Amino acid sequence: MRDRRESLVKLASAVAFLAIATVAVLIVVSQSGSSGGDSGHIVSVPEVERELQGIPQHGMVLGHPDAKVALVEFGDLQCTSCKAASEGILPDVIAGPVRSGEAKLDYRAFTIIGAESTPAAAAAIAAGEQGRGWDFVEIFYRNQGEEDSGYVSDGFLTALARHAGVPDIDRWNRERESEAVLREVEAQTAEAKRLGFTGTPSFAVEGPATEGLEPLEPTESATDLESAIANAR
Amino acid sequence: MKAPAEGTLRGIATFLGTFGIGVATYIAIADSGGGAPVCVAGGHGCQTVAESPYSHLFGVNIAAFGIVGYVLLLACALLRGDGPRMAGFGLALVGFGYSLYLTYLELFKIDAICQWCVASAVLMTLLFAVNATRMLLYVGREP
């Protein structure tokens, strides 16, 4: 009887080890997250709503229209570094100088990743036409899929637009496929190249102390962007 | 102090498991409708957690895994013998460990608290305590 109990307690130790290993595997799977690009499971909408709440939007410009300094981000919605900037750097800039009215943040397309970058950028610009451009961009980044894997479908973009609060989806659909918006994407990409940018995200700043739109050195720091804003005043 | 009778431990585990099935089922039903559980005390914590990337595992809402876990724990509580004692301990340890991880995510990653998830985490913690006690006291002994 005692031998059997001792054997079973040893077995229980193995069960405990197995259970802990199972939890570890589940955590690793959870950390790897979903592959993104899932129109049936759009995530982090409340987080974006909180981030942008109360800040005016006009077109793709976030912030008070009279802000003296404009920080321009040239981004590709498929770019993973842009996603990292959106989640790691820009929240501080938005909560600081943009919310305070010191600066406005202008998102412009720089479509360099692949074929799916253009319809994504056009969809963002069309959302901007209805005052939800930044909601669209921020929600897109948080649900970004694998580059050019086919995830930038009409269904995915429409799910994002709905979650971004685009009020007139029919109008948004017409505009995102219009020649005018597609030309706008091309023009913004050409502007990024003209400024000498070769990668995304790239930032430029314009203010009373700058001579037009001045490109910034690549950065992964919100402090660098905030300093550039302060220097441009 | 007198050790609790196995019948008492199984009764508590039965109650906790049944309650857990209810909580996990509510979360899963709320999510399947495209919504989120309603926080009883108000606020948007439940919606924030439900819409976070961590609410799904292998594309399935983790509440569905919770239902399966609670059903299995309930079965272990209802059955006699060493098999259910060991299985109940192992399952409850997995549930407890993963609940700890989810609570960490809520506090430090998602930055929101869902009352239903906290309720489930408390139930899982109690189930682990009960099943661990049952296993330690009664494994290898007559049913």
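Out of the residues in region A:33-71 that are assigned to a strand (DSSP E or B) and in contact with a Phe, Trp or Tyr (Cβ under 7 Å, 6 or more places away or on another chain), state the one that is surrounded by the fewest Cβ atoms within 10 Å (Cβ to Cβ).
So the residue we want is A:57.
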Look through B:112, B:119 and report the one residue that is under 29 Å from residue B:31 (Cβ atoms), of a type in the set (Gly, Ala, Ser) and part of a helix (DSSP H, G or I). B:119
Taking region A:6-40 as the search range and keeping residues that are in contact with a helix residue (DSSP H, G or I) (Cβ under 9 Å, 6 or more places away or on another chain) and touching a residue at least 40 places away in the same chain (Cβ under 8 Å), which one is nearest to residue B:47 (Cα to Cα)? A:40
Per the filter on region A:159-181, residues within 19 Å of residue A:50 (Cβ to Cβ) and not in a loop (DSSP other than H, G, I, E, B) are A:160, A:162, A:163, A:164
Leading residue by the ranking (nearest to residue A:89 (Cα to Cα)) among those in region A:39-67 that are aliphatic (A, V, I, L, M) and within 12 Å of chain B (Cβ to nearest Cβ): A:48
Across region A:102-117, what is the number of residues that are over 17 Å from the mean Cα position of the chain (by Cα) and in a strand (DSSP E or B)? 1
Provide a single number: the residues in region A:141-158 that are assigned to a helix (DSSP H, G or I) and within 14 Å of another protein chain (Cβ to nearest Cβ). 2
Would you mind finding the one in A:30, A:86 that is crowded, with 21+ Cβ neighbours inside 10 Å, part of a helix (DSSP H, G or I) and not hydrophobic (A, V, I, L, M, F, W, C)? A:86
Among residues of region A:90-118 being surrounded by fewer than 24 Cβ atoms within 10 Å (Cβ to Cβ) and touching a Ser or Thr at 6+ places or on another chain (Cβ under 7 Å), the residue nearest to residue A:63 (Cα to Cα) is A:118
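Identify, please: which residue in region A:8-23 is more than 7 Å from chain B (Cβ to nearest Cβ) and over 10 Å from residue B:90 (Cα atoms) and is, among those, farthest from the chain's Cα centre (by Cα)?
Of region A:8-23, the ones more than 7 Å from chain B (Cβ to nearest Cβ) are A:10, A:13-14, A:17, A:21.
Next, only the ones that are over 10 Å from residue B:90 (Cα atoms) stay: A:10, A:21.
Details: A:10: 51, A:21: 34 Å.
Per the criteria, the residue is A:10.
If the requirement is being more than 14 Å from every other protein chain (Cβ to nearest Cβ), crowded, with 20+ Cβ neighbours inside 10 Å and at pLDDT 80 or above, which of these qualifies: B:21, B:62, B:27? Explain how you work it out, then say what you get.
Details: B:21 fails: crowded, with 20+ Cβ neighbours inside 10 Å; B:62 fails: more than 14 Å from every other protein chain (Cβ to nearest Cβ).
None of the others qualify; the one that does is B:27.
The values are calculated or read from the model by the stated rules, or taken from the named source; none is laboratory data. None of the values given here were measured: they were computed from a predicted structure. Please note: Cβ atoms are built from the backbone with ideal geometry, for glycine as well, and neighbour counts cover all protein chains shown.
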